[in-house]
Amino acid sequence: MEFVHSLPESKVIFGAGKLDQIGVAASKRGSKALIVTGKSSMEKLGFLEKARSYLEREGVSSIHFNEVTPNPTTKTVDKGAKLALEEDVDLVIGFGGGSTMDTAKGIAVVAGHAPEGGSKNIWDYVSAGKEESEEITEATLPILTITTTSGTGSHVTPYSVLTNPETNGKPGFGDAPMFPDVSIVDPEILREMPPDLTAITGYDVYSHVSENLISKGDHPTADPYAKEAIKFVGKYLPRVYKDGDDMEAREMMAVADTYAGISNTISSTALRHAMEHAVSGFYPEVAHAQGLASITLPIMRYNIKNGDSKVRRRYGEIARVLGAIDEIKDEKMAAEKSLEAVEALIKEIDMDKGLGELGVESSSIPDMAESTFKYMEGDVEHNPVYPDKEDVEKIFEEAM
Ligand code: NZQ
Ligand code: MN
């Protein structure tokens with residue numbers, strides 16, 4: 001066995017009430033911050049005001065940009081970057097779910113590079129689907145995040161996922177300078193997630209690590225994080241979905257999200273994420289992980305049917321970690337058991353919905369299939385079975 005293991009230096013401050021650490025973390029990186037949030041949740045819940053007071057206490061002034069919408073666009077990033085440049089901020093704080101953290105990362109890239117002659121449009125830094133892109137260097141402004149969902153792991157990944165509204169392409173991109181310097185995970189904020197958001201984001205955690213395990217980009221140092229995170233999701237997601245104030249379950253899902261982000265940085269997602277980004281790229285009203293849940297079973301069936309012995313064993317591992325079997329005796333049967341266990345999990349958290357129910361039209365399938373390959377080719381290549389466009393279209397049809 002040979003491998004290279006490398007993770008950028010970053011710090012996670014985890015615990016109830018730890019939002020109060022944002023001032024100290026920010027003051028080490030400058031005296032003026034751009035706080036990026038979604039439209040309303042953090043303001044309504046009073047956490048934004050608290051964060052600003054913690055910043056002020058440490059002598060950091062802040063400008064607020066609140067225009068992030070779920071499945072964020074490059075246009076929003078460019079607008080936020082313009083504000084960051086006009087206000088000459090020293091650092092960017094992403095205070096929200098994946099959409100907000102990803103937008104903050106994009107803003108930090110543009111606002112860091114533009115004064116040195118770099119592009120003012122984030123799309124120019126995205127490499128997917130083109131020959132050339134601008135390099136993302138250490139000129140990127142320091143990024144801090146406060147994650148308010150337990151789903152994307154974006155607080156511990158260098159990735160940002162943005163939709164180009166002109167093409168509906170929704171690639172992920174990222175480089176080491178986009179890794180947050182410090183991330184705060186405060187369960188008191190996570191507790192405010194309503195049940196449907198808890199379920200959806202929790203399923204994203206499962207999705208990352210289960211794909212990391214079966215991916216061709218799997219990695220021995222990611223596996224322990226991935227398996228542990230699957231175990232936590234199986235045990236704690238149904239609990240916190242039923243009772244949002246179950247703080248043990250809430251905290252363990254936040255740990256699982258952090259493990260999954262680390263695993264996702266080392267390993268890679270596969271066909272499920274490739275195809276889903278095409279769905280929410282064309283249909284921004286579809287929550288990312290609801291899209292994932294809707295296509296999960298058809299993709300598993302495709303991989304188990306067409307994959308080799310290693311793939312079946314990996315799915316068997318998922319069944320084992322979810323507690324559906326004690327050990328893998330027969331690979332094929334173990335893989336089938338993983339299908340049953342995942343189907344039961346999806347049902348238990350009320351996410352068993354077809355794409356049609358989410359508003360996806362069959363007529364979009366050819367465009368979504370094309371977008372899967374054009375913008376998410378890396379994840380397609382990491383799938384244990386390389387599909388052709390027709391296979392992808394069939395999977396979408398089955399998921400309707
Ligand atoms: O926008 P506000 O008003 O803040 O409300 C948000 C939003 O409407 C609300 N919310 C967030 N935290 C809350 C809360 N409401 C109450 N209490 C809280 N504590 O939830 C809604 C959804 O937020 P969003 O950020 O869109 O959700 P999520 O965290 O699931 O992020 C999804 C985005 O991340 C991308 C997805 O594609 C999608 O664009 N991903 C990012 C990844 C990464 N950077 O590594 C990897 C993932 O695979 C994923 O692709
Ligand atoms: Mn995801």
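A single entry from MET351, MET333 fulfils the requirement of being surrounded by 13 or more Cβ atoms within 10 Å (Cβ to Cβ) and part of a loop (DSSP other than H, G, I, E, B): MET351.
Go over the candidates GLY169, GLY202 one by one and state the one that is more than 16 Å from GLY153 (Cβ to Cβ) and within 17 Å of the chain's Cα centre (by Cα). Step through it out loud before you land on a result.
Values: GLY202 fails: more than 16 Å from GLY153 (Cβ to Cβ).
Just one listed residue meets the conditions, GLY169.
Reported count of residues in region 356-400, each being within 19 Å of VAL161 (Cβ to Cβ) and not in a helix (DSSP H, G or I), is 3. Just one of the numbered conditions (1) touching a helix residue (DSSP H, G or I) at 6+ places or on another chain (Cβ under 8 Å); (2) within 17 Å of LEU141 (Cα to Cα) is not true of LEU7: (2). Is it the case that some residue within region 295-306 is crowded, with 24+ Cβ neighbours inside 10 Å, within 23 Å of SER338 (Cα to Cα), touching a Gly at 6+ places or on another chain (Cβ under 9 Å) and not assigned by TED's automatic domain parsing to the domain that holds ILE146? Taking every residue of region 295-306 in turn, none turns out to be crowded, with 24+ Cβ neighbours inside 10 Å, within 23 Å of SER338 (Cα to Cα), touching a Gly at 6+ places or on another chain (Cβ under 9 Å) and not assigned by TED's automatic domain parsing to the domain that holds ILE146.
The rows are residues; the columns are (1) within 16 Å of ligand 2 (Cβ to nearest atom); (2) more than 30 Å from VAL4 (Cα to Cα); (3) modelled with pLDDT of 95 or more.
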site: GLU251; (1), (2), (3): no, yes, yes
site: ALA256; (1), (2), (3): yes, no, yes
site: ALA278; (1), (2), (3): yes, yes, yes
site: GLN290; (1), (2), (3): yes, yes, yes
site: ARG313; (1), (2), (3): no, no, yes
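Among residues of region 384-400 that are at negative phi, those with a Cβ under 7 angstrom from a residue that is in a loop (DSSP other than H, G, I, E, B) and surrounded by fewer than 17 Cβ atoms within 10 Å (Cβ to Cβ), sequence gap 6+ or separate chain, pair up as PRO384/LYS216; ALA399/GLY354; MET400/GLY354. For region 163-181, check the following and say yes or no: at least one residue is β-branched (Val, Ile, Thr), within 13 Å of ligand 1 (Cβ to nearest atom) and touching a residue at least 24 places away in the same chain (Cβ under 8 Å). Checked against the condition, which is being β-branched (Val, Ile, Thr), within 13 Å of ligand 1 (Cβ to nearest atom) and touching a residue at least 24 places away in the same chain (Cβ under 8 Å), region 163-181 yields at least one hit. Count of region 22-46 residues, restricted to those that are in a helix (DSSP H, G or I), out of contact with any Gly (no Cβ under 7 Å at 6 or more places or on another chain) and either surrounded by 18 or more Cβ atoms within 10 Å (Cβ to Cβ) or at pLDDT below 95 (or both), is 5.
Could you tell me whether region 86-98 includes any residue that is over 28 Å from ASP186 (Cβ atoms), among the acidic types (Asp, Glu) and either more than 11 Å from ligand 1 (Cβ to nearest atom) or crowded, with 24+ Cβ neighbours inside 10 Å (or both)? Even if it seems obvious, please write down each step before you answer.
Of the residues in region 86-98, the ones over 28 Å from ASP186 (Cβ atoms) are 86, 88.
Then keep just the ones that are among the acidic types (Asp, Glu); that gives 86, 88.
Retained after the next criterion (residues that are either more than 11 Å from ligand 1 (Cβ to nearest atom) or crowded, with 24+ Cβ neighbours inside 10 Å (or both)): 86, 88.
Checked region 86-98: at least one residue is over 28 Å from ASP186 (Cβ atoms), among the acidic types (Asp, Glu) and either more than 11 Å from ligand 1 (Cβ to nearest atom) or crowded, with 24+ Cβ neighbours inside 10 Å (or both).
Name the residue, out of ILE214, ILE266, that is β-branched (Val, Ile, Thr), over 26 Å from GLU370 (Cβ atoms) and more than 13 Å from ligand 2 (Cβ to nearest atom). After ruling out the rest, the residue left standing is ILE266. When region 53-72 is filtered for residues that are closer than 16 Å to LYS18 by Cβ and either touching a Leu at 6+ places or on another chain (Cβ under 6 Å) or not acidic (Asp, Glu) (or both), the ones remaining, listed by number, are SER53, TYR54, LEU55, ARG57.
The values are calculated or read from the model by the stated rules, or taken from the named source; none is laboratory data. Keep in mind that what you see is a predicted model, and the values were worked out from it rather than measured. Glycine gets a Cβ as well: all are built from the backbone with ideal geometry, and neighbour counts include every protein chain shown.
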